[in-house]
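In what follows, a structure is listed as structure tokens, so that the remarks can point back to it.
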Amino acid sequence: MQMSEQTNPGIQKARQFDIDWLRVILFGLLIWFHYAVFSLDQIDGEENNMDLLNIPLFIVLGVMHQWRLAALFVISGMGTAFAFRKRTLKTYVKERIVRLGLPLIFVTYFLFFGVFSPFKTLLGFFVIFPGEEGMPYGHLWFVYNLLIYSILLSPLFAHVNNHPEGRIVECVRSILRIRYGMGILMMPSIILAINGILFKPWAFGEVGMWWEFPRYLLFFLFGYLLISAKEEYYEALERIRVPITIVTPILVILWCLLEGFSKVPNVMQGGWAQDGYAPFTLSTTIATIVQSLHAWFWCLLIFSWASKFLNKPNNWLSYLNEAVYPAYIVHFHLTFLPIGIFGFLGIGYYAGLSIGTILVFIGVLICFESARRAAYFRAVFGMKGNSDEVVKIYPYNEMKSRNHQILFAVLCHIITVLMIFGLNIMLISGGILLNES
């Protein structure tokens, strides 16, 4: 099942800028989301706390959590379709292992202290659904799942790529051509709802485990298939843009009502059968259907408007797109220290959220600027290329002397090593301050 090394004629269209912009925007929202969620305890500690004023925050966080990761997995699937264009199956799998696996191992052992218990940490990679407390890779569960999905689905992806006009792609196109866009609206939603109805009752789904594991795999697969359909996908987005903009807010209201007033605990998160409730009831089925529609419609909503307004080049896009992966890797360590400091000082939640988010953004860009100039650290921070890419970056590209480049390279590697130690210190210090505040 090998692909030709020539560009696949099935995906001739140039990479869409809207997909890259969405990737940047959604990972930016991830930084804000994590800061907002991990500092929620500071709301409870505020005096004269007015619960009504906090309701919009909890609605935004709850609604966003239903679709932001789903959209990122769809985007990852779309990116995979582009990545397959000039690769064999073997080359693709090898590149995925390097691009996803190296940062995963590095973060686990050197940013989450796995180096102090190497064998136990290694075993943690092979535990199926270990729970949030048992993940040695921490917030990189997204990368962990993505690596598994990429390997599991690679034979199917290779088949689709080798047969761009075959039955699978033609089936996707037929769905996309269904009148009024009902195909792209309903078919993925039905598949997602079936997954939720069958698997959600049995265990709490969190951080991509249990029933969420096949759920995110489906989003990843949908992204690949939609891009493989080429123009039909963007034509479908054009048809549904207005109706989905009208329907999605209605689904938000329904989701909030079902989440807030359901008699079944964790009706959106899953696992109610463990609490003695019937696994399959009319109310849980309706809630799961609404949840599936809600998540998928949000994805289509942002994709449809992004294709209209963001599908254009920008001088900052390539820079920000390269910064996304390193920023995702380090943002967790940069988040807890300002939360702990602001909590210890008694600064209000919303003031801390505003200032702290800005500080984290500045911090991740500083870390990115350091790591991108250290050739031997680029791969473990999720960046492509080594010295061949570094020499294109200022001030390497301004240096005439090779000796000057070497000296500066040594300095950049020393700074990056110090940065890694600094990130560990920030994580530990943030944890201590949070416990005291």
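Quick check, is Arg373 in contact with a Cys (Cβ under 8 Å, 6 or more places away or on another chain), surrounded by 14 or more Cβ atoms within 10 Å (Cβ to Cβ) and in the same structural domain as Asn424 (by TED's automatic domain parsing)? Walk me through how you get there before you give the answer.
Values: in contact with a Cys (Cβ under 8 Å, 6 or more places away or on another chain): yes; surrounded by 14 or more Cβ atoms within 10 Å (Cβ to Cβ): yes; in the same structural domain as Asn424 (by TED's automatic domain parsing): yes.
Considered against the rule, which asks whether it is in contact with a Cys (Cβ under 8 Å, 6 or more places away or on another chain), surrounded by 14 or more Cβ atoms within 10 Å (Cβ to Cβ) and in the same structural domain as Asn424 (by TED's automatic domain parsing), Arg373 comes out as yes.
Rundown of residues vs (1) among the hydrophobic types (A, V, I, L, M, F, W, C); (2) assigned to a helix (DSSP H, G or I); (3) within 20 Å of Ile97 (Cβ to Cβ); (4) in contact with a Gly (Cβ under 9 Å, 6 or more places away or on another chain), yes/no style:
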{"position": "Gly356", "(1), (2), (3), (4)": "no, yes, no, no"}
{"position": "Val360", "(1), (2), (3), (4)": "yes, yes, no, no"}
{"position": "Val364", "(1), (2), (3), (4)": "yes, yes, no, no"}
{"position": "Phe368", "(1), (2), (3), (4)": "yes, yes, no, no"}
{"position": "Arg373", "(1), (2), (3), (4)": "no, no, no, no"}
{"position": "Gly385", "(1), (2), (3), (4)": "no, no, yes, no"}
{"position": "Asp388", "(1), (2), (3), (4)": "no, yes, no, no"}
{"position": "Tyr394", "(1), (2), (3), (4)": "no, no, no, no"}
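Please work out if Ser292 is surrounded by 21 or more Cβ atoms within 10 Å (Cβ to Cβ), hydroxyl-bearing (Ser, Thr, Tyr) and more than 19 Å from the chain's Cα centre (by Cα).
Numbers: surrounded by 21 or more Cβ atoms within 10 Å (Cβ to Cβ): yes; hydroxyl-bearing (Ser, Thr, Tyr): yes; more than 19 Å from the chain's Cα centre (by Cα): no.
It is false that Ser292 is surrounded by 21 or more Cβ atoms within 10 Å (Cβ to Cβ), hydroxyl-bearing (Ser, Thr, Tyr) and more than 19 Å from the chain's Cα centre (by Cα).
Please verify whether segment 302-310 includes one or more residues that are assigned to a loop (DSSP other than H, G, I, E, B), out of contact with any strand residue (DSSP E or B) (no Cβ under 6 Å at 6 or more places or on another chain), more than 26 Å from Pro201 (Cβ to Cβ) and in contact (Cβ under 8 Å) with a residue 40 or more places away in the chain. So that I can check it myself, show each step before the final result.
Initially, segment 302-310 is screened for residues assigned to a loop (DSSP other than H, G, I, E, B), giving 310.
Still in the list and also out of contact with any strand residue (DSSP E or B) (no Cβ under 6 Å at 6 or more places or on another chain): 310.
Imposing the further condition that a residue be more than 26 Å from Pro201 (Cβ to Cβ) reduces the set to 310.
Filter once more, so that each one left must be in contact (Cβ under 8 Å) with a residue 40 or more places away in the chain: 310.
Checking segment 302-310: at least one residue is assigned to a loop (DSSP other than H, G, I, E, B), out of contact with any strand residue (DSSP E or B) (no Cβ under 6 Å at 6 or more places or on another chain), more than 26 Å from Pro201 (Cβ to Cβ) and in contact (Cβ under 8 Å) with a residue 40 or more places away in the chain.
If Pro265 passes every condition in (1) more than 25 Å from the chain's Cα centre (by Cα); (2) at pLDDT 95 or above; (3) not in a helix (DSSP H, G or I) but one, which one does it miss?
(2)
Do you know which residues across segment 196-248 are on the phi > 0 side of the Ramachandran plot, under 21 Å from the mean Cα position of the chain (by Cα) and not small (Gly, Ala, Ser)? Outline the logic, then answer.
Taking segment 196-248 first, the residues on the phi > 0 side of the Ramachandran plot are 207-208, 210, 230.
Cutting the leftovers down to under 21 Å from the mean Cα position of the chain (by Cα) gives us 207-208, 210.
Residues satisfying the conditions are Val207, Trp210.
Kindly establish whether Tyr325 is surrounded by fewer than 17 Cβ atoms within 10 Å (Cβ to Cβ), in the same structural domain as Gln405 (by TED's automatic domain parsing) and either at positive phi or out of contact with any Asp or Glu (no Cβ under 9 Å at 6 or more places or on another chain) (or both). Reasoning before the result, please.
Working: surrounded by fewer than 17 Cβ atoms within 10 Å (Cβ to Cβ): no; in the same structural domain as Gln405 (by TED's automatic domain parsing): yes; either at positive phi or out of contact with any Asp or Glu (no Cβ under 9 Å at 6 or more places or on another chain) (or both): yes.
Judged against the criteria, Tyr325 is not a match.
Do you know which of the residues in segment 60-101 that are part of a helix (DSSP H, G or I) and polar (S, T, N, Q) is nearest to Val24 (Cα to Cα)? Please lay out each step first, then the result.
Looking only at segment 60-101, we keep the residues that are part of a helix (DSSP H, G or I), and these are 60-86, 89-101.
Keeping just the survivors that are polar (S, T, N, Q) gives 66, 76, 80, 91.
Working: Gln66: 19, Ser76: 12, Thr80: 16, Thr91: 26 Å.
Ranking the candidates gives Ser76 first.
Matching residues to (1) farther than 30 Å from Leu254 by Cα; (2) modelled with pLDDT of 95 or more; (3) surrounded by fewer than 14 Cβ atoms within 10 Å (Cβ to Cβ):
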site	(1), (2), (3)
Glu47	yes, no, yes
Met50	no, no, yes
Ile55	no, no, yes
Trp67	no, yes, no
Leu72	no, yes, no
Ser76	no, yes, no
Phe82	yes, no, no
Lys86	yes, no, no
Tyr92	yes, no, no
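Would you confirm whether or not segment 112-126 contains a residue that is closer than 30 Å to Trp296 by Cα, charged (D, E, K, R) and without any contact (Cβ under 8 Å) to a residue 40 or more places away in the chain?
The answer is no; no qualifying residue exists.
Surrounded by fewer than 17 Cβ atoms within 10 Å (Cβ to Cβ) and hydrophobic (A, V, I, L, M, F, W, C): which single residue out of Leu102, Leu111 fits that description? Spell out the reasoning first.
Numbers: Leu111 fails: surrounded by fewer than 17 Cβ atoms within 10 Å (Cβ to Cβ).
Of the residues listed, the single one that is surrounded by fewer than 17 Cβ atoms within 10 Å (Cβ to Cβ) and hydrophobic (A, V, I, L, M, F, W, C) is Leu102.
The values are calculated or read from the model by the stated rules, or taken from the named source; none is laboratory data. Quick caveat: nothing in here was measured; it's all calculated off a predicted structure. In this analysis, Cβ positions are derived from the backbone assuming ideal geometry, glycine residues included, and neighbour counts consider all displayed protein chains.
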